[in-house]
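Please treat every number below as a calculation from the coordinates, not as lab data. This one's a predicted model, so the numbers in the text were calculated from it and none came from an experiment. Methodologically, a virtual Cβ is constructed for each residue, glycine included, from the backbone with ideal geometry; neighbour enumeration extends over all protein chains shown.
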Ligand code: HEM
């Protein structure tokens, strides 16, 4: 790519940056609220923060990320209203502005997200898209229920379904290779049956909480079994660098989702206390945060048009996340040891911050190196010089240290769909 085109790509990335910043601020405010919920001092001690922690992180942070990635993939201007609505709604949650304004914005953002999937559907219907669209409808359901005054524990299944179905749909797209294997002709139908069962379970919890929770727990377990069987993750575990990191995060995430499904299946509906904390964070930290870590080195370069090379510090953060979550959930929650719950919670926050810091440093360093390399007159050299030893299909979105950001932008400009890089 010419440097002029590269500059254009970086400008495109910069225009998207405010939306990513909104997601980042929601994350930081959510982590601050988490400290307050743990009964510990926090940098900012707003009264409203603990009350909005869950929605802020699920719809404000993760919702904005999901919607931004989808808007980039679809192209055009109106799809950006989805991350804008969710991001603005999330930001208003921790300001003194009336809560109903924030709730309305979240509803608006989720509505555009559903519309976005309808547009994708008209382009090319698929089982993977159906799962993601069901996820978006769950996000809209959650936002509407919250607007209507339902409390978070009652609408938790809707929040869970939003992110679980979105991520499962994305994984199905990548499992296609596995689906072509002999003996797996019914895999896609089985996947859709799992998605249908999750949706039915979620809706049922509103009218019959006990029966709905049972169905939801069982269907999450079935979905985990499907993912473990067909996802490419198990094969990638034997590789090195980014593919191995991604695979380990995916498999650990599936294990946590399995635990959440088991707890719901065995213990039924829970609305507070240690079991509640265990279910909630097995899903949102063990599964969702692990998935975000796994996909960040591929999705962020495509969205921001900046390189994000894999760095071993990312694996360190992921290890810290999973070990501290085990301390929090297995010892703190399930054995009711308050000190372990608090320590685990603080280390969860440290793990997320460590990942953010590592990713930001790796991206800035790679961008600087690449700019310096671009200014140096080119000289002939052996092919592949300067690329990462971890270079892999997954890291091909310009994330190799020393690769040009123009190259990275070029990788993502061939198709603006971040998933085309995975
Ligand atoms: C990073 C460390 C985190 C810590 C230390 C933390 C801590 C907490 C605590 C102490 C509670 C209250 C639990 C209870 O009422 O029994 C809570 C609730 C919750 N958390 Fe987190 N959390 C973290 C991250 C997250 C993330 C990343 C998400 C979502 C993506 C999330 C979603 C929720 C939800 C949905 C609730 C329920 C809120 C409610 O009932 O109002 N948490 N969290």
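Here are some notes:
- Taking segment 128-231 and dividing mean pair separation by its residue count, relative contact order in percent (alpha carbons under 8 Å, at least six apart): 27
- Cα shape, segment 70-215, gyration tensor, a/c 1.5 rule: oblate
- Fewest-first ordering of 282, 363, 100 by other beta carbons within 10 Å of each residue's beta carbon gives 100, 363, 282.
- Sorted by Cβ density within 10 Å, fewest first, the residues 280, 202: 280, 202
- Of the residues 162, 94, 61, the one with the fewest other Cβ atoms within 10 Å heads the list, and the complete ranking is 94, 61, 162.
- For segment 15-125, averaging the sequence separation of C-alpha pairs within contact (under 8 Å, six or more residues apart) and dividing by the residue count gives a relative contact order of 26 percent.
- Note on segment 15-125: Kirkwood radius taken over Cα pairs, Stokes-Einstein applied at 10 °C and 1.306 mPa s, translational D equal to 113 µm² s⁻¹.
- The distance from the alpha carbon centre of segment 122-176 to that of segment 323-380 is 26 Å, rounded to a whole number.
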